Amino acid sequence: MFERILFPTDFSAPSMKVLDYIPVLHEAGTREVVLVHVIDSKEITLIASGGQGFLGTVPDRETETQKELREEIQHRIIDTRRALERQGVKVTVRTPAGNPGEAIVAAADAEGASLIVIGSHGRSNIRDRLLGTVSEYVIKNARQPVLVIKRETIGGR
């Protein structure tokens, strides 16, 4: 039923909990995972300015910080892809830039995903009370079913 799932991640611990559910989904018929890491458009400006914010100038060359961030993302994508492949699924990687919620919904449509599996909170979980803003956007706007993986709670509750 859910042969091709979309797995959006910002590589935070809550979003990576999805990996724990891949074996069960694989047993239930999942054959392919589309791994999506959205490069948030709000962060692009900050990264491009070398951390100087909107008043700074955009350098012509990649700064050391930009290079380190790009390399870290590449390593995390490779590590996550390998973890998924070890679980027996085919993996396609997408790294769109833009608004995370909108990009995830668009990727699910473009990739023909039959299910979106997303963590309930990403990096912004301190700000958001019940459900992350990206997760909430995806739930409200996706055409596909959305499986939300609850983050760990203190004391196992």
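The values are calculated or read from the model by the stated rules, or taken from the named source; none is laboratory data. Because the structure is predicted, anything quoted here is derived from the model rather than measured. Cβ: placed from backbone, ideal geometry, glycine included. Neighbour counts: every protein chain shown. In case anyone asks, the SASA skips ligands and DNA or RNA and just uses the protein heavy atoms, side chains included. Shrake-Rupley method; radii C 1.70, N 1.55, O 1.52, S 1.80 Å.
Find all pairs meeting these conditions: Cβ atoms under 7 angstrom apart; at least six residues apart or on different chains; first residue within segment 8-28 and of a type outside the set (Gly, Ala, Ser); second residue open to solvent by 60 Å² or more (accessible area, probe 1.4 Å) and part of a helix (DSSP H, G or I).
Taking only residues 6 or more apart or on different chains, the pairs are Phe11/Arg76.
State the number of residues belonging to segment 6-15 that are farther than 17 Å from Asp40 by Cβ and either open to solvent by 40 Å² or more (accessible area, probe 1.4 Å) or out of contact with any strand residue (DSSP E or B) (no Cβ under 9 Å at 6 or more places or on another chain) (or both).
The number of residues fulfilling the criteria is 1.
Report the residue count in segment 94-122 for those that are of a type in the set (A, V, I, L, M, F, W, C) and open to solvent by 40 Å² or more (accessible area, probe 1.4 Å). Spell out how you get there, then give the answer.
Just the residues of segment 94-122 that are of a type in the set (A, V, I, L, M, F, W, C), to begin with: 97, 103-108, 110, 113, 115-118.
Now narrow it down to the ones that are open to solvent by 40 Å² or more (accessible area, probe 1.4 Å): 97, 106, 110.
Total meeting the criteria: 3.
Which numbered condition trips up Val38, out of (1) of a type outside the set (S, T, N, Q); (2) at pLDDT below 60; (3) open to solvent by less than 70 Å² (accessible area, probe 1.4 Å)?
Going through (1) of a type outside the set (S, T, N, Q); (2) at pLDDT below 60; (3) open to solvent by less than 70 Å² (accessible area, probe 1.4 Å) one by one, Val38 breaks only (2).
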